[in-house]
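Take a look at the structure set out below.
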Amino acid sequence: MSTAGDNRRLSFDAPIHEMEARLGEMQAEYARSRAGGDASAVAEQIRRLRRELAGLKQTIYANLEAWQQVQVARHVERPQSREYIDLVFDEFIELHGDRAVGDDGAIVTGLARLDEHKIMFVGHQKGRNLSERTACNFGMPHPEGYRKAILKMQTAEKFGLPIVTFIDTPGAYPGIAAEERGQALVIAENLLKMSMLKTPIISVVIGEGGSGGALGIGVADRLAMLEHAYYSVITPEGCATILWKSSEHWKKAAEALRMTSRDLLGFGIIDEVVPEPLGGAHRDHREAASTLKSFLLRALRELVEIPRDVVLQQRYEKYRRIGVFFEGVDAAAAEVLEAVVGSASATETTAATLAPADQQRPTRPPIAAVDVDPTPHGVDSRAGALETAPTRD
Amino acid sequence: MAQGRQSHAWHGHFEPKRVPEGVWMRCDGCQATLFRKQVEENLNVCPECDHHFQVSVADRVAQLVDTDTFEEWHADLRPGDPLGFNDRRPYPERIRAEQERTGLNEAAVVGQGFIKGIRVVLGLTDSGFIMGSMGSVVGEKLTRAAEEATRQRLPLVIVSGSGGGARMHEGILSLMQMAKVSSALGRHHAAGGLFISVLTHPTMGGVAASFASLGDIILAEPKALIGFAGPKVIAQTVRVQLPTGFQTSEFLLEHGFIDRIVHRRDLRGTLARLIDFVTPS
């Protein structure tokens, strides 16, 4: 098939499935041998095979290509928001509706308890079987979904509850009704409102981070991705259609877009990669949930200690400094710098290591030099700092 | 002048790209054959059917701002290539070609100017530069413009034209610009600042789903294409014929998402009047 489907059996998983089948046969043989007397030889073989299987999963999953990550992120058996709600939280009271148009099944919202923390949960839901998927619109929200999300978040703000959002959508729904009800506007408003919410926000991309539809519930103080999730400005199929003129090239697009958790960590966009069980979250929901829970607890404990105005200021700064560009250099110098920096990375390190050699370095609005206070200095002091500070660590 | 701010005079030297070369031209709207000079003198609007041709940033500035009052800021911001992106040609090469073709460093121009004597911070995106898409530079310039408007308590006007939305070539960094600009606009609103968003043909995707939709007042030029998903994508998804006039300014007005449709010749006057209403005299 031409696009990344949600195949139950992934092509690159074949060696794992083969070995699992062999293991199954051996276990059957073990049962027979035990009935007939000595089974220790078979037991030893089984142990060896199990070690090999773990090694195989490790090898395959540590070296997945971008397009393979996309397939894992879309795996039908991958845990979704509702599984994590059951496995991670101690209590959950679902709250429905946007009080205007309806209740969008593609976004689940409700009050949840996580150890000592009471939180508001907001997450995409794609659905497991056909009827669920239809009810959830395959995890592609309409405007009422985003409106529902922000309404519940505002309730959380009012009562001082931290917000946890799980991102798992191919994108906001591209349909006629969605446009009629203002898809672009509701996402825009969510971005603005989330940036101002006076309560901590933690977001985790648990599967697919599909563009604006993901970001619409994803402006956060702490942003993490599960190891095999992806987060992208556009789906690889969409990108391939536009730039390569055919969705057939989606694998190339997936690579080019740099959309894996490792890429985003490198860009400094996410704070953390939450590791998945060996061979992907779809192989062990419980373990995936338990790792996710530890991350959430850690982030919550950290954030609730910080005064709310500081949280808000830090959230602003977090987004304020995202971007890679040149400033104060002419075209020729920019070209040379581009050649030096190349495609290496967009992290602060690159800029810093480059800086001593050449003061005309590419600038990202730097952490150290940015003055984002809306005081009379702002732009001026930042620009000054850029020109005078040759190095930064 | 504040340090680090690029404050050279606006030369308006960019070639108008949107109206085809030649003495005569055909209108995309009514197919009439038109005398090109006449169209240009009419603000690039068809004298027969009022079709609004796309205009370059330079022309737009000339149309909106009092003569010689526009001062561009941060003109020296240039895009990098954080992804090492290469589709059918390397991104830096694509950028260079666009820069040469348009005379712009990037798709956005920001600065200050006077509209009928009222000082405003102005942001414009040129739909001709990689489809007016938003990468790091566009996001950064518009964010700085919003921050400066907040700081100086000036009205902010952003004229959007973007068929591309968030720019694919800068990947996730482009997507995050949506959050960055929206955050700055959040602060501008919270500080009581005025923001008027003007939507022109086309305003789509990540641009429509961020700053362009966040005005206190949202205006649009007639018959502009405005929406989240592109009509082709929608048609492929829903597999039905899209209704006539779908995703036009008129469609958005009917569904309650914009305040007014304003003819290009009235835009400058309308902006001045609106700003006057909400500014203490």
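The residues listed here are B:PHE257, B:PHE246; of these, the one that is within 30 Å of B:ALA190 (Cβ to Cβ) and in a loop (DSSP other than H, G, I, E, B) is B:PHE257. Scanning the stretch A:232-256 for residues that are in a loop (DSSP other than H, G, I, E, B), at the interface with another protein chain (Cβ under 9 Å from one of its Cβ atoms), more than 25 Å from A:ILE201 (Cβ to Cβ) and not aromatic (Phe, Trp, Tyr) yields a total of 1. Those helices (runs of 4 or more DSSP H) of the stretch A:101-190 in which 3 or more residues are within 14 Å of another protein chain (Cβ to nearest Cβ) and hydrophobic (A, V, I, L, M, F, W, C) occupy A:176-180. For the stretch B:67-77, the set of residues classified as over 18 Å from the mean Cα position of the chain (by Cα) and either under 21 Å from A:LEU264 (Cα atoms) or in contact (Cβ under 8 Å) with a residue 12 or more places away in the chain (or both) consists of B:ASP68, B:THR69, B:ASP76, listed by residue number. Return the residues of the stretch B:189-203 that are assigned to a helix (DSSP H, G or I) and crowded, with 24+ Cβ neighbours inside 10 Å; say none if nothing qualifies. If the condition is that a residue be assigned to a helix (DSSP H, G or I) and crowded, with 24+ Cβ neighbours inside 10 Å, then no residue fits. When A:ALA28, A:ALA73, A:ALA106, A:ALA43 are checked against the criterion of being surrounded by fewer than 12 Cβ atoms within 10 Å (Cβ to Cβ) and of a type in the set (Gly, Ala, Ser), A:ALA28 stands alone in meeting it. Report whether or not B:GLY206 is buried (at least 24 other Cβ atoms within 10 Å of the Cβ), at the interface with chain A (Cβ under 8 Å from one of its Cβ atoms) and in contact (Cβ under 8 Å) with a residue 60 or more places away in the chain. Judged against the criteria, B:GLY206 is a match. The condition of being assigned by TED's automatic domain parsing to the domain that holds B:VAL207 and either more than 26 Å from A:TYR231 (Cα to Cα) or modelled with pLDDT under 95 (or both) holds for only one of B:ARG153, B:ARG167, that being B:ARG153. Comparison of A:LEU303, A:LEU264 shows that the only residue that is of a type in the set (A, V, I, L, M, F, W, C), in the same structural domain as A:VAL186 (by TED's automatic domain parsing) and out of contact with any Asp or Glu (no Cβ under 8 Å at 6 or more places or on another chain) is A:LEU264. Taking the listed residues B:SER133, B:SER182, the one that is crowded, with 24+ Cβ neighbours inside 10 Å, within 11 Å of chain A (Cβ to nearest Cβ), of a type in the set (Ser, Thr, Tyr) and farther than 20 Å from A:VAL219 by Cβ is B:SER133, with no other qualifying. Among the residues of this structure, B:VAL138 does not count as one that is of a type in the set (Val, Ile, Thr), in a strand (DSSP E or B) and in contact with a helix residue (DSSP H, G or I) (Cβ under 9 Å, 6 or more places away or on another chain). The residue pairs whose first member lies in the stretch A:186-205 and is within 18 Å of A:GLN313 (Cα to Cα), whose second member is at pLDDT 95 or above and of a type in the set (D, E, K, R), and whose beta carbons are closer than 6 Å, counting only pairs six or more residues apart or on different chains, are A:LEU197/A:GLU157; A:LYS198/A:GLU157; A:LYS198/A:ARG308; A:THR199/A:GLU157; A:PRO200/A:ASP221; A:ILE201/A:ASP221; A:ILE202/A:ARG222.
The values are calculated or read from the model by the stated rules, or taken from the named source; none is laboratory data. Only a predicted model underlies this, so the values are computations on that prediction, with no experimental measurement involved. Note that we place each Cβ from the backbone using ideal geometry, even for glycine, and neighbour counts take in every protein chain shown.
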